[in-house]
């Protein structure tokens, strides 16, 4: 089909705009940065899966309803000037997938001459405001802010398609990230490519849409982080803060650089500017103002860059040089960067080791570190990888890197500290880490001393083959300890053992890490007995089998109506078979443990062998749920029998302890309160804070 004059005109303007932007980039950034941006624009991008993005189907206008609120938490301010088709698609998206948060939608019409003023008043629930005269983007946004009733302002371009869950993700960031003052969405092109993962500002006032044209799932761009600015196409800011900094600065009227300057004003007020990748918004960039900076509205971008550079000269001095190609290493150059490697992506609702690792990441971030995670199996795991990214962890996985050696060759030099969990993972990675990150302190996290657990299991079973395997594990684990700068254990018992088995090694304790949930329901509102633990862990399989066979019949003889709730992932056939025992309920994996932590009266930890500190005991105590345990299960946990926990090892004594604790309200209340205090004192994030600072964030020191 031959090209029409309109088609040729579009191609001419598009080509001219690209040439002008390319020439401007060469002058301001140099050829390396310009070439990097050109390669990014034309490289092949891993597409999003089909159906990953919502796009409303085009249809003629007909009146519809927005489910807005008269008592909104958030006020969506949508400035419009013509382009009715874009505005309609944006509003239809809000109607099709309405936010769960109470919101209002304010459309500020800046003098549209199309069907906008006739159609939009017919949208029920929409607040439509038409300005007396055209004043530009900044005037329209500031007008909309003055009309808002919500505590949070959300500025949304009319050429956007908000994706389901976008608003909740933006607003939750203010609660989850201390000091957050402005939060920007992940902006996507309609074809699914990334448009912006937070903006980068250079020392000359130039700006870069970080991640432009890449895959939105690329680990470099898919994690929450502080950014230099966020595009005003989709940002949230508390209404009071917006007023305090003076709104969008009118020196940039009619438009361009007002969002960049707002971010600098927010930081100057002591608040953070945060990019939230979980808030996805499609943006038809340039739909209203075009892309050619040589004419029309976009010409203001060039003028306002100079205005911005002069106004924010002092702050710009600390920004990246204009000829820099931004990378994660450079974006986090102002803080320690810590790499954590484990066998697989942690699943904190499945096992205590995963919960400890995730809470260690939280603690490191609280202490100012940038955290990077690399799973030794190379796999992303839904939804757990995304949960790490939501925490602000730069989580990598295939296919976004080819091999571990190549990844470490590229990234290794940026880390001050590298933690490797589990001896079999460390055995593979230590040579690579020494080769590609020679400056980094290497921390070996035992999780628990595997050889101690295996040796005890061999003793319980009387199996010589298991004893020989434990000896081999001991030799490997001790060799890794000798090759590491620091070794982490979870209890004083294990550190004391290593004083004998690994003299001269620097050994520190970072125990289980829990956030104290609180007392929960009182004694009278609880009932039954619960066990929580994954069944890929042999000590848990042995513990539940022993409890059901030897202890539970004695308990049921005293309390016939009682039930035993067995919770844990990877249920084995032998555990599944226990469901036929009267009163035993095998749940398998439970995504939300809170009802069981709040509803069950007594938790049991009937372990006959193992090592380390038992997360199941900490978890129950952190929820105000008292525990009956064996001596092995409470080893190294600072617990006193009869005051914090009940301890018993033979079946009859264990059964009597369960019955007593289930029926004695005064004893139950004492143990519940003391258990909470124990977790706060020894197993909370605050309890580990000083050690984590010393191990991960202080300059290296010789081992004692």
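Suppose the filter is assigned to a helix (DSSP H, G or I) and at pLDDT 90 or above; does residue 324 pass it? Full working, then the answer.
Numbers: assigned to a helix (DSSP H, G or I): no; at pLDDT 90 or above: yes.
Judged against the criteria, residue 324 is not a match.
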Please enumerate the residues belonging to the stretch 554-568 that are touching a residue at least 24 places away in the same chain (Cβ under 8 Å), under 11 Å from residue 582 (Cβ atoms) and surrounded by fewer than 21 Cβ atoms within 10 Å (Cβ to Cβ). 556, 562, 563
Hits in the stretch 45-62 (condition: touching a strand residue (DSSP E or B) at 6+ places or on another chain (Cβ under 7 Å) and either at positive phi or surrounded by fewer than 14 Cβ atoms within 10 Å (Cβ to Cβ) (or both)): 55
Does at least one position in the stretch 588-601 carry a residue that is surrounded by fewer than 18 Cβ atoms within 10 Å (Cβ to Cβ) and assigned to a strand (DSSP E or B)? yes
For the stretch 407-418, check the following and say yes or no: at least one residue is touching a helix residue (DSSP H, G or I) at 6+ places or on another chain (Cβ under 9 Å) and closer than 30 Å to residue 539 by Cβ. yes
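Being under 26 Å from residue 170 (Cα atoms) and either in contact with a strand residue (DSSP E or B) (Cβ under 6 Å, 6 or more places away or on another chain) or crowded, with 18+ Cβ neighbours inside 10 Å (or both) narrows it down to one of 143, 110, 70, so name that one. Even if it seems obvious, please write down each step before you answer.
Working: 110 fails: under 26 Å from residue 170 (Cα atoms); 70 fails: either in contact with a strand residue (DSSP E or B) (Cβ under 6 Å, 6 or more places away or on another chain) or crowded, with 18+ Cβ neighbours inside 10 Å (or both).
Of the residues listed, the single one that is under 26 Å from residue 170 (Cα atoms) and either in contact with a strand residue (DSSP E or B) (Cβ under 6 Å, 6 or more places away or on another chain) or crowded, with 18+ Cβ neighbours inside 10 Å (or both) is 143.
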Would you pick out the residues in the stretch 607-622 that are within 17 Å of residue 489 (Cα to Cα) and part of a helix (DSSP H, G or I)? 615, 618
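In the stretch 397-421, what count of residues is obtained for those that are in a loop (DSSP other than H, G, I, E, B) and surrounded by 21 or more Cβ atoms within 10 Å (Cβ to Cβ)?
Step one: list which residues in the stretch 397-421 are in a loop (DSSP other than H, G, I, E, B), which gives 397-403, 415-416.
Among the residues that remain, those that are also surrounded by 21 or more Cβ atoms within 10 Å (Cβ to Cβ) are: 415.
Residues that pass the stated criteria total 1.
Hey, among the residues in the stretch 360-387 that are farther than 20 Å from residue 179 by Cα and touching a residue at least 60 places away in the same chain (Cβ under 8 Å), which one's farthest from the chain's Cα centre (by Cα)? Spell out how you get there, then give the answer.
Looking only at the stretch 360-387, we keep the residues that are farther than 20 Å from residue 179 by Cα, and these are 360, 372-387.
Next, from what is left, pick out any that are touching a residue at least 60 places away in the same chain (Cβ under 8 Å): 360, 386.
Working: 360: 13, 386: 6 Å.
Taking the candidates together, the pick is 360.
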Scanning the stretch 474-494 residue by residue, those under 17 Å from residue 443 (Cβ atoms) and surrounded by fewer than 19 Cβ atoms within 10 Å (Cβ to Cβ) turn out to be 478, 479, 482, 483, 485
Select from the stretch 438-468 the residues that are in a loop (DSSP other than H, G, I, E, B), surrounded by 18 or more Cβ atoms within 10 Å (Cβ to Cβ) and modelled with pLDDT of 85 or more and write down the one among them that is nearest to the chain's Cα centre (by Cα). 447
Those residues of the stretch 643-660 which are part of a loop (DSSP other than H, G, I, E, B) and surrounded by 23 or more Cβ atoms within 10 Å (Cβ to Cβ), in sequence order: 644
Among (1) within 24 Å of residue 692 (Cβ to Cβ); (2) loosely packed, with under 15 Cβ neighbours inside 10 Å, the one test that residue 471 misses: (1)
Among the residues of the stretch 143-178, what is the count of those that are in a loop (DSSP other than H, G, I, E, B) and either more than 15 Å from the chain's Cα centre (by Cα) or under 21 Å from residue 247 (Cα atoms) (or both)? 10
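Would you check if there is a residue in the stretch 503-510 being out of contact with any helix residue (DSSP H, G or I) (no Cβ under 7 Å at 6 or more places or on another chain) and in a helix (DSSP H, G or I)? Outline the logic, then answer.
Of the stretch 503-510, the ones out of contact with any helix residue (DSSP H, G or I) (no Cβ under 7 Å at 6 or more places or on another chain) are 503-504, 506.
With in a helix (DSSP H, G or I) added as a condition, the list becomes none.
Within the stretch 503-510, not a single residue is out of contact with any helix residue (DSSP H, G or I) (no Cβ under 7 Å at 6 or more places or on another chain) and in a helix (DSSP H, G or I).
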For the stretch 536-549, indicate whether the set of residues that are within 29 Å of the chain's Cα centre (by Cα), surrounded by 16 or more Cβ atoms within 10 Å (Cβ to Cβ) and in the same structural domain as residue 616 (by TED's automatic domain parsing) is non-empty. yes
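Please determine whether any residue of the stretch 640-648 is free of Cβ contacts under 8 Å to residues at least 60 places away in the same chain and at positive phi. Reasoning before the result, please.
Of the residues in the stretch 640-648, the ones free of Cβ contacts under 8 Å to residues at least 60 places away in the same chain are 640-648.
Add one more test, that the residue is at positive phi, and what stays is 642.
So far as the stretch 640-648 goes, yes, one or more of its residues are free of Cβ contacts under 8 Å to residues at least 60 places away in the same chain and at positive phi.
Taking the residues in the stretch 614-642 that are under 32 Å from the mean Cα position of the chain (by Cα) and over 17 Å from residue 517 (Cα atoms) as candidates, determine which candidate is surrounded by the most Cβ atoms within 10 Å (Cβ to Cβ). Quick ask: steps written out before the conclusion?
First, pick out the residues of the stretch 614-642 that are under 32 Å from the mean Cα position of the chain (by Cα): 614-627, 633-634, 636-638.
Still in the running and over 17 Å from residue 517 (Cα atoms): 614, 633-634, 636-638.
Values: 614: 29, 633: 26, 634: 22, 636: 20, 637: 25, 638: 14.
Going through the qualifying residues, I end up with 614.
With 329, 309 as the choices, which residue is over 25 Å from the mean Cα position of the chain (by Cα), surrounded by fewer than 18 Cβ atoms within 10 Å (Cβ to Cβ) and more than 24 Å from residue 174 (Cα to Cα)?
On the way: 329 fails: over 25 Å from the mean Cα position of the chain (by Cα).
Going through 329, 309 in turn, just one is over 25 Å from the mean Cα position of the chain (by Cα), surrounded by fewer than 18 Cβ atoms within 10 Å (Cβ to Cβ) and more than 24 Å from residue 174 (Cα to Cα): 309.
The values are calculated or read from the model by the stated rules, or taken from the named source; none is laboratory data. Remember, predicted model here, so these are calculated numbers, not experimental data. Heads up, the Cβs are rebuilt from the backbone with ideal geometry, glycines too, and the neighbour counts pull from every protein chain shown.
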